[in-house]
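Taking it in order: structure first as structure tokens, then the write-up.
The values are calculated or read from the model by the stated rules, or taken from the named source; none is laboratory data. Keep in mind it's a predicted model, so treat the numbers as computed, not measured. All Cβ positions, even for glycine, are placed from backbone atoms using ideal geometry, and neighbour counts span all protein chains on display.
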């Protein structure tokens, strides 16, 4: 059974870990907040479950805890940021702030980032735009786990797209999705359950359709959104490619099959056309198009008419992108964040290794 | 058997039709070029097969042949265009030019359009950016044919996304896709063949999965890319929603279930929150990020490594987005554009009705 931890407890612990690897006070806070937003929003694979992974990257000197993150090129509405091998969790909010600042002055801001590392969940960075009455956009490339349509080889990461749009009285529209049929985290759940995956999620090492959730470890690949050609996998492949090009090639980061892996124990690619991994951020000021109040009123109308669509048999309601994550966040802020036993063990080991107290946190919170 | 017509013949004919409904010389040329690009690139459903449809829209006064298309609001990098109920085939190139001009000065340009009509294929508008060494983006919303995940009701159009990226020695990357599993045109082919559609393309009027390609006429709906929840249809739904919001709500056009239909004989929606249909265009100057030559060299590398990926059994090669359409275009420029008998008949009737010569064109081109 998972144990529940409060958001604050996990924040404090994560921040201490980031301080231990040498991050500044401010960067440690930002990194912990980026990381925990995944746990809060129900993307358990991208939260504290990965904390030790980030530490491993620091241990093999792939993460620079004191990066000199800077704009290396810019125009009125665009910029390229060099993340100086910093934590993506810190580089991403820096770059998104640049996009927002540019949008404030020029109507829109677009920032491509090189020399970064994994940035957690894309949605939280896109959502930074909301309080400024802007639309926020966040992409990142990642190491190759996905086979394009008709390809045996893995050529793309799960390359997520996040778009956050402010509304008025209704909560914001927040889409945040891998450009694959299913995220890797869902396969991990099936692995634990020793259950089969639906057709269209994965292929084996020869490119044949498979239902074995372990295929990725055996040389298989995730499939682009659509699953197969007949169901439009060439579209998911195109979307993942766009994310890769905007994040990797516009910035001068690595791209395609040459994006370095997250697990520190995996070898680096034999060829590296750029620096680190790449992200892409965008911000568009609503009132650079029309009065924000008018827009937000229309967004409320949009959200309500979609919520009021007639649900199919067996479904309770029609959802708007962001509903599920927001409801999980509300619940977890109240009841705490449930962590699997294996994740708790991993954090306990990490605590011992870096000399940070953790044990106490787990006491008295069993549910 | 389809008959082949040369590109020039169909251009001349289409232009004459647009002149007959009152378009200026220049607008008639632009409209014909936009329309024919669909036939050239193999998107037969969006080309001259729709010419009489555009004329019908003019006949019911939904298309203004002499629109005063103008920028009604702008910032350094953004603009809103009012299409004055003009042909989308003309409004779209106008708006894309604004995006390109803004990108020239500000690094990027973003234009949301209201009060327009159907613009043909999205890809051709995005591709206008290529010769300027820019990335081009084009979206449009459309009348509701698509049911969101868990919805019985149709709430979104097939809302395409097109992104064109320049390369160096390799041909450009051009993605152009409806945000549904399959385009409506593919269902029409199955209807003619009296064949079944694959599961995941459509649902019936009660929201149940169906393989009957006629469901759309019976109150059913197309499904978002992904097909069902288990295969990620909530992602296709989110993408279609983003296109709708950027095209419809940012501009003040109609959106969601209230976008007017293309066929002139269908009733207009009972409620109209905005004006006409909406589009969204973007242009990003490559050298607003990094030197264009460096970028294009990396794009060549990207395209080559994807082309060289190992193909699965039964597939000849791995394609890059845009390959298929470009190859069809090369062939059709040489051999002509094949038109189905029903399309030829429709054009012949149109020719008679508007007093434009067509018959001669079909002679001597039978294959």
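Tabulated results
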{"quantity": "Matching option when the condition is within 13 Å of another protein chain (Cβ to nearest Cβ) and surrounded by 24 or more Cβ atoms within 10 Å (Cβ to Cβ), among B:166, B:148", "calculated": "B:148"}
{"quantity": "The lone exception for residue A:222 - which of (1) within 12 Å of another protein chain (Cβ to nearest Cβ); (2) surrounded by fewer than 21 Cβ atoms within 10 Å (Cβ to Cβ) it fails", "calculated": "(2)"}
{"quantity": "Positions within segment A:143-172 being closer than 23 Å to residue A:281 by Cα and either more than 17 Å from the chain's Cα centre (by Cα) or free of Cβ contacts under 8 Å to residues at least 24 places away in the same chain (or both), in sequence order", "calculated": "A:155, A:165, A:166, A:167, A:171, A:172"}
{"quantity": "Meets criteria (within 8 Å of another protein chain (Cβ to nearest Cβ) and either touching a strand residue (DSSP E or B) at 6+ places or on another chain (Cβ under 7 Å) or under 18 Å from residue A:310 (Cα atoms) (or both)) for residue B:209", "calculated": "no"}
{"quantity": "Given (1) within 10 Å of another protein chain (Cβ to nearest Cβ); (2) under 13 Å from the mean Cα position of the chain (by Cα); (3) modelled with pLDDT of 95 or more, index of the condition residue B:183 fails", "calculated": "(3)"}
{"quantity": "Residue count, segment B:186-202 (criterion: more than 10 Å from chain A (Cβ to nearest Cβ) and on the phi > 0 side of the Ramachandran plot)", "calculated": "1"}
{"quantity": "So residue A:137, is it within 14 Å of chain B (Cβ to nearest Cβ), within 27 Å of residue B:106 (Cα to Cα) and either modelled with pLDDT under 95 or surrounded by fewer than 23 Cβ atoms within 10 Å (Cβ to Cβ) (or both)", "calculated": "no"}
{"quantity": "Count of segment A:169-180 residues which are touching a helix residue (DSSP H, G or I) at 6+ places or on another chain (Cβ under 6 Å) and within 12 Å of chain B (Cβ to nearest Cβ)", "calculated": "6"}
{"quantity": "Which numbered condition residue A:356 misses (of (1) at the interface with chain B (Cβ under 9 Å from one of its Cβ atoms); (2) more than 30 Å from residue A:159 (Cα to Cα); (3) assigned to a loop (DSSP other than H, G, I, E, B))", "calculated": "(1)"}
{"quantity": "Residues of segment A:229-256 satisfying the condition of being assigned to a loop (DSSP other than H, G, I, E, B) and closer than 16 Å to residue B:235 by Cβ", "calculated": "A:232"}
{"quantity": "Meets criteria (crowded, with 24+ Cβ neighbours inside 10 Å and in a helix (DSSP H, G or I)) for residue B:18", "calculated": "yes"}
{"quantity": "Scan of segment B:30-56 for residues that are more than 28 Å from residue B:321 (Cα to Cα) and either assigned by TED's automatic domain parsing to the domain that holds residue B:174 or touching a helix residue (DSSP H, G or I) at 6+ places or on another chain (Cβ under 7 Å) (or both), ordered by number", "calculated": "B:52, B:55"}
{"quantity": "Single residue of A:99, A:103 found to be within 21 Å of residue A:34 (Cβ to Cβ), facing chain B (nearest Cβ under 10 Å) and touching a strand residue (DSSP E or B) at 6+ places or on another chain (Cβ under 6 Å)", "calculated": "A:103"}
{"quantity": "Residue B:325 being surrounded by fewer than 17 Cβ atoms within 10 Å (Cβ to Cβ) and more than 10 Å from chain A (Cβ to nearest Cβ)", "calculated": "no"}
{"quantity": "Selection within segment B:1-60 - within 21 Å of residue B:138 (Cβ to Cβ) and touching a strand residue (DSSP E or B) at 6+ places or on another chain (Cβ under 9 Å)", "calculated": "B:36, B:39, B:40, B:41, B:43, B:44, B:47, B:48, B:49"}
{"quantity": "In segment A:257-307, the residues that are facing chain B (nearest Cβ under 9 Å), surrounded by fewer than 22 Cβ atoms within 10 Å (Cβ to Cβ) and in a loop (DSSP other than H, G, I, E, B)", "calculated": "A:273, A:274, A:290"}
{"quantity": "Unique match (being assigned by TED's automatic domain parsing to the domain that holds residue A:249 and in a helix (DSSP H, G or I)) among A:118, A:105", "calculated": "A:105"}
{"quantity": "Odd one out for residue B:326, checked against (1) farther than 30 Å from residue A:254 by Cβ; (2) touching a residue at least 12 places away in the same chain (Cβ under 8 Å)", "calculated": "(1)"}
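Condition check ((1) in a loop (DSSP other than H, G, I, E, B); (2) at pLDDT 95 or above; (3) buried (at least 23 other Cβ atoms within 10 Å of the Cβ)) across all residues:
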| residue | (1), (2), (3) |
| --- | --- |
| B:53 | no, yes, no |
| B:64 | yes, yes, no |
| B:67 | yes, yes, no |
| B:73 | no, yes, no |
| B:79 | no, yes, yes |
| B:86 | yes, yes, yes |
